[in-house]
Amino acid sequence: MAHRALDYESLNENVKKVQYAVRGELYLRASELQKEGKKDATTGDFYLILHTSILNLLTNPYQLLLVSVAYTIIFTNVGNPHALGQKPLTFPRQVVALSQAPFLLDDPNVGLFFPADAIAKAKHYLAMTIGGLGAYTDSRGMPGVRKEVADFIERRDGYPSDPELIFLTDGASKGVMQILNTIIRGESDGILVPVPQYPLYSAAISLFGGSLVPYFLEETANWGLDVNDLRQSVTQARSKGITVRAMVIINPGNPTGQCLSEANLREILHFCYQENLVLLGDEVYQQNIYQDERPFISARKVLMGMGPPVSKEVQLISFHTVSKGYWGECGQRGGYFEMTNIPPKTVDEIYKVASVSLSPNVPAQIFVSRLAHSVVMGLMVNPPKPGDISYEQFIRESKGILESLRRRARMMTDGFNSCRNVICNFTEGAMYSFPQIRLPPKAIDAAKRAGKVPDVFYCLKLLEATGISTVPGSGFGQKEGGFCIFPLRPSFCGVFHLRTTILPAEEDMPEIMDSFKKFNDEFMEQYEGHGGYSRFLLTILSAANDDSDINRLYEYLLNPTSNVVILKGSTQLL
């Protein structure tokens, strides 16, 4: 009998090529453990009944024991703040609640339960709709909300924004997929994507039949970007017959957590101008900034500031969402993209395709509008204005979330850097740590025997031992084989990574990091059997001042009790 249309063998091959590690093998195994009885971090205590053999076999060969299980599954595999305990902001939820149930506005006692500014704002948004939140809107989103988003962008960047070039979407991911689908014509079309990358991009490019063209971020330069590497990636792609049509930046970085400087953005935009590339600016973490040296700056602001011809020629699509920042409203699925220097006929085609879905999620459009009032350059500009009833509460809630995230970013970085054979750059922004794990050869051999990629093997062991569900670095891409950083110590040549969110509750973070450290150090002892190193901040050896620095480095590497820190332009030995 011939295969039916939905038999696996008959499926679209592009669907089979799609991989999405964030919900991959580790997540599925964590879900299995959860079903088997391991405790979810969001649920209460429970018990398992176990069979055990007792010494008095003659009188009672088997006894049922009721035992408490203190094994928690911590889903740090995805940036899902509310699932890990972050509380929703009060004011936006009040506005949406009233908008969803407008009959409450007619209740004479509504003022006893909702503040006056939330009531006024709900009436404001309901007046924008035709039939309330249960009715379709324009396929780009409500015109009034798009105007508010445009006003936010103008306040943020200092340059006007056109509401007609803003599309509201069901989260940023839907917008990214819509634009990639518009750009990719076939497998000979390439998209420059940073590696490590958020696997949305590799998955979508595979789904639409295009080619991912990687450009590698440099870990030893705090995941920096070198334009010369970009040129090399484009040259190599063209030599294979690939036409590179667009470039993706993720700022702040996911999974790497770095923030792009204004100078770096200028280089990128000039490169796109020279190579005639569309720039896709994934800026969904623009509110999540945990240091003061490199505040978020949008690609659009830098582009407009460069002036003609670059500011008039470079095509830019910018993405934002309510899923991140102190909002964390992942389940609401609200986002937008803005188009710059896109021809009107192309905008019409994008509008046509958006119309196939009729309308973006209407309640989420209200969240997007509140976002538009509250995010400026990664700092808070609050929806309730000073003097409004909800102002003080909104300030207290939003500021508390961001300050806690900053502390958690430091706690996690320091925790990883205290572990054997683990190093981690500080999380400057976004929601993730991306530590480097140097796996001993014996661990790599054990992974091969188990039929696993080494970092998957490590992360599965971590999950089974601690309940911490992470994502292996191979799911985001990494340089082939890692870096052989220590030529005199071949056991350190298996360089891998994992990604974890910084979202677990602040009060739980010390216990989580202690649990990770205990597992990691025992793992290294099992497969390595000697001291290893606990802390490194590394650049390539060429960063040393001269040969004497390199010789001193080698001498210290031969001493198993030493730690070494190599800083750009100089070598410091501790």
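The values are calculated or read from the model by the stated rules, or taken from the named source; none is laboratory data. This one's a predicted model, so the numbers in the text were calculated from it and none came from an experiment. Virtual Cβ from ideal backbone geometry, glycine too; neighbours counted across all protein chains shown. Protein only, heavy atoms only, side chains kept; ligands, DNA and RNA dropped before computing areas. Shrake-Rupley method; radii C 1.70, N 1.55, O 1.52, S 1.80 Å.
Ignoring lysines fewer than eight residues from Lys312 along the same chain, the ones with Cα atoms less than 21 angstrom from its Cα are Lys301, Lys345. 3J(HN,Hα) couplings calculated from phi for the stretch 285-297 with the Karplus curve 6.51 cos²θ - 1.76 cosθ + 1.60 (θ = phi - 60°) are, in sequence order, 9, 4, 8, 8, 10, 10, 8, 10, 6, 10, x, 5, 9 Hz; Gly and Pro show x.
When the solvent-accessible area of the stretch 280-341 is split by element, carbon and sulfur atoms take up 46 percent of it, the probe being 1.4 Å.
Between Lys312 and Lys518, how high is the FRET efficiency from 1/(1 + (r/R0)^6) when r is the Cβ-Cβ distance and R₀ = 41 Å? Nearest 0.05. Using R0 = 41 Å, I get an efficiency of 0.10.
Approximating the spin labels as points 7 Å out from Cα along Cα→Cβ, the Val18-to-Asp508 distance works out to 3.0 nm.
Taking amide H as placed 1.01 Å from N in the peptide plane, the amide H of Leu192 sits under 5 Å from that of Val213, Arg245, Ala246, Met247, Val248, each at least 5 places away or on another chain. Taking θ as phi - 60° and the Karplus parameters 6.51, -1.76 and 1.60, the scalar couplings of the stretch 404-413 work out to 5, 4, 4, 5, 5, 4, 5, 4, 6, 4 Hz in sequence order, x denoting glycine and proline.
With both labels modelled 7 Å from their Cα along Cα-to-Cβ, the Arg93 to Asp292 distance reads 3.2 nm.
Positive end of the dipole of the stretch 400-451 (Cβ unit charges, origin at the Cα centre): among Leu405, Val422, Ala450, the Cα lying farthest that way belongs to Ala450. Within the same chain, lysines fewer than 8 places from Lys16 are excluded, and of the rest, those with a Cα less than 30 Å from its Cα are Lys35, Lys174, Lys240, Lys324, Lys352, Lys448, Lys452, Lys461, Lys479. Which whole-percent values make up P(r) of the stretch 232-355 when all C-alpha to C-alpha distances are grouped in 5 Å steps starting at zero? Spelled out bin by bin, the stretch 232-355 gives 2, 10, 18, 20, 19, 17, 11, 4, 1 percent.
Using only alpha carbons, the stretch 201-292 has a radius of gyration to Kirkwood radius ratio (Rg to Rh) of 0.96. Coupling constants for the stretch 214-230 follow from the phi torsions by the Karplus curve (6.51 cos²θ - 1.76 cosθ + 1.60, θ = phi - 60°), and in residue order they are x, 10, 8, 7, 9, 4, 6, 10, 6, 6, x, 10, 10, 4, 4, 5, 4 Hz; glycine and proline get x. The Ser355 and Asp229 beta-carbon pair, evaluated with R₀ = 45 Å, returns a calculated FRET efficiency of approximately 0.70.
Working ranking of peptides 279-289, 141-151, 234-244, 114-124 by packing, defined as the average number of other Cβ atoms within 10 Å per residue, highest first, is 279-289, 141-151, 114-124, 234-244.
Residues whose amide H comes within less than 5 Å of that of Gly224, counting only those at least five positions distant or on another chain, are Glu218 (H built at 1.01 Å from N in the peptide plane). Taking the centroid of alpha carbons for each part, the stretch 316-340 and the stretch 90-153 are 19 Å apart. If a paramagnetic tag sat 7 Å from the Cα of Gln274 along the Cα-Cβ line, which residues of the stretch 188-226 would have the backbone N under 15 Å from that point? Hits in the stretch 188-226 for Gln274 at 15 Å: 226.
The protection proxy used here, the mean number of other Cβ atoms lying within 10 Å of each residue, ranks peptides 509-520, 351-362, 317-328, 296-307 as follows, highest first: 317-328, 296-307, 509-520, 351-362.
Proximity of backbone amide H atoms, modeled 1.01 Å from N, is registered between Ile389 and Asp117 at under 5 Å, excluding neighbours fewer than 5 places apart on the same chain.
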